[in-house]
Amino acid sequence: MDARACAVRVLVRVISSGHSLAEALPEAVQFVEDVRQRALIQELAYGTLRWYYQLDAVLKQLLQKPLKQRDADIRCLLLIGLYQLMQLAMPQRVAVNETVQATVTLNKSWARGLVNAVLRNYLRRADSLEVTGDSAVEMKYAHPAWLVKWLQADWPDNWENILSANNARPPFSLRVNQCRVTREEYLDELAARSIAATPLPQVLTGLLLKKPLPVENLPGFSEGVVSVQDGAAQLAAGLLALAPGLRVLDACAAPGGKTAHILEAEPGLSGLTALDIDGHRLRRIEENLVRLSLSAHLQQGDAGEPQGWWDGQPYDRILLDVPCSATGVIRRHPDIKLLRKPGDVATLVSRQARLLKALWPLLVPGGMLLYCTCSVLRDENIGQVGRFLEMQIDAEEVPIRASWGRVCGHGRQILPGENEMDGFYFACLRKLG
Ligand SMILES: C[S@@+](CC[C@H](N)C(=O)[O-])C[C@H]1O[C@@H](n2cnc3c(N)ncnc32)[C@H](O)[C@@H]1O
């Protein structure tokens, strides 16, 4: 197995065919048994996408003319070559030779000379490359120019921090299953196995591992003692003010991270419905709940059309974790930089508004809906909630008092990397009696 050629196949699926990295990578490595090879493929795929806009700006300077569409694989191989030279502490000779060699595995031996020349040209000219206009912005920040402009407009004092947090490697965060173990007990268990970890101060159930490791190596993982979940995502269950006997709807539930946390946090609920429009993703919830020995009523349906699935009994709590631009989790999913287009945001904003409006009548008077996104764009967050409150006269906002994030007109926003958490937005909306 040639790790670089395998990483090329992943990148072609993402860059040319628009697949997500979460789909393309597992498919490509499913038959790679060597753990170190798998880790290298992952590193090359994630890293090249994380720095794509910078690498692409450099590549454009080094190629005399763009490669043909049918040679998308060679273009991806060149990006991988540049990634190794620009971002990894790998000996240059190894990076160049191994990258050139991958042309053979890809059945493109004709490109040996080209790949060799471009990478060596980079090593000679690295300090004298001159890039201008939008390409200069993309090269400097390793983000698409449109997103840099949007972040500058939305976060005039924070946009540079957001961009650099997006380019950093994310921490490995865990949620302990509080029905089974306390965080302190689990930290002791990790320490006994020499796995370094620290508590996440903002969340009672959260902890950070010093070094990532395969989940199978985590004590109790397969028995449901612990789950992988970012700290910000772990805040949702606490904000729902859960209590025994409440009836809860998790309206956009898959793959079920927050569903499971709600069940762990309050085992005495009178019921929890986990709804998702995507049947395939709904099965992921089931797998997660089985591992954790938890159960919920799983329902496939469109949250925007409750007449298709609702039994007519109102809910005391609704969690609405809407589909969004995911601009708060770019550090975990660097393919978002390429896959998200500026036109997507308006479409998402209107889908979110439709879901909010359709679910509000399902809430009991005095009940609470928690609206959340993993976005940092104001239109999906404060803007969305502001417009809803103007229109919905029986809705009032419950202020979130917390030591994390920032108040921003409506709701509370965490920016990526703050308190070691992903970028997330939360707003609590209560229905008046
Ligand atoms: C941000 S993800 C939810 C993550 C989930 N809450 C968790 O913590 O694991 C958004 C989910 O909304 C689902 N979705 C999108 N449109 C929907 C709709 N109209 N009705 C129900 N679910 C929808 C997607 O399939 C996706 O699984």
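A few points about this structure:
- Enumeration of residues in region 252-278 that are assigned to a helix (DSSP H, G or I) and either acidic (Asp, Glu) or on the phi > 0 side of the Ramachandran plot (or both): GLU264
- Of the residues screened, ALA241 is one that is out of contact with any Leu (no Cβ under 8 Å at 6 or more places or on another chain), assigned by TED's automatic domain parsing to the domain that holds GLY367, aliphatic (A, V, I, L, M) and in contact (Cβ under 8 Å) with a residue 60 or more places away in the chain.
- Residues that are in a helix (DSSP H, G or I), open to solvent by less than 50 Å² (accessible area, probe 1.4 Å) and aliphatic (A, V, I, L, M), drawn from region 100-136: VAL100, ALA102, ALA111, VAL115, VAL118, LEU119, ALA126, ALA136
- Residue count for region 228-241, restricted to those that are out of contact with any Asp or Glu (no Cβ under 9 Å at 6 or more places or on another chain) and within 15 Å of the ligand (Cβ to nearest atom): 6
- Helices (runs of 4 or more DSSP H) lying entirely in region 279-395 (those with 3 or more residues that are within 11 Å of the ligand (Cβ to nearest atom) and open to solvent by less than 60 Å² (accessible area, probe 1.4 Å)): 279-292, 342-359
- Scanning region 30-41 for residues that are assigned to a helix (DSSP H, G or I) and surrounded by fewer than 21 Cβ atoms within 10 Å (Cβ to Cβ) turns up VAL35, ARG36, GLN37, ARG38, ALA39, LEU40.
- So GLU223, is it over 24 Å from HIS297 (Cα atoms) and away from the ligand (no atom under 15 Å from the Cβ): no
- Candidates in region 242-278 are the residues that are near the ligand (Cβ under 8 Å from one of its atoms) and touching a Cys at 6+ places or on another chain (Cβ under 9 Å); of these, the one that is least open to solvent (accessible area, probe 1.4 Å) is LEU275.
- Residues of region 396-427 satisfying the condition of being open to solvent by less than 40 Å² (accessible area, probe 1.4 Å) and part of a loop (DSSP other than H, G, I, E, B): ILE400, ALA402, TRP404, GLY405, CYS408, GLY411, LEU415, PRO416, GLY417, MET421, ASP422, GLY423
The values are calculated or read from the model by the stated rules, or taken from the named source; none is laboratory data. In this text, all values refer to a predicted model and were calculated from it rather than measured experimentally. Cβ: placed from backbone, ideal geometry, glycine included. Neighbour counts: every protein chain shown. SASA here: full protein model, heavy atoms, side chains in, ligands and nucleic acids out. Shrake-Rupley method; radii C 1.70, N 1.55, O 1.52, S 1.80 Å.
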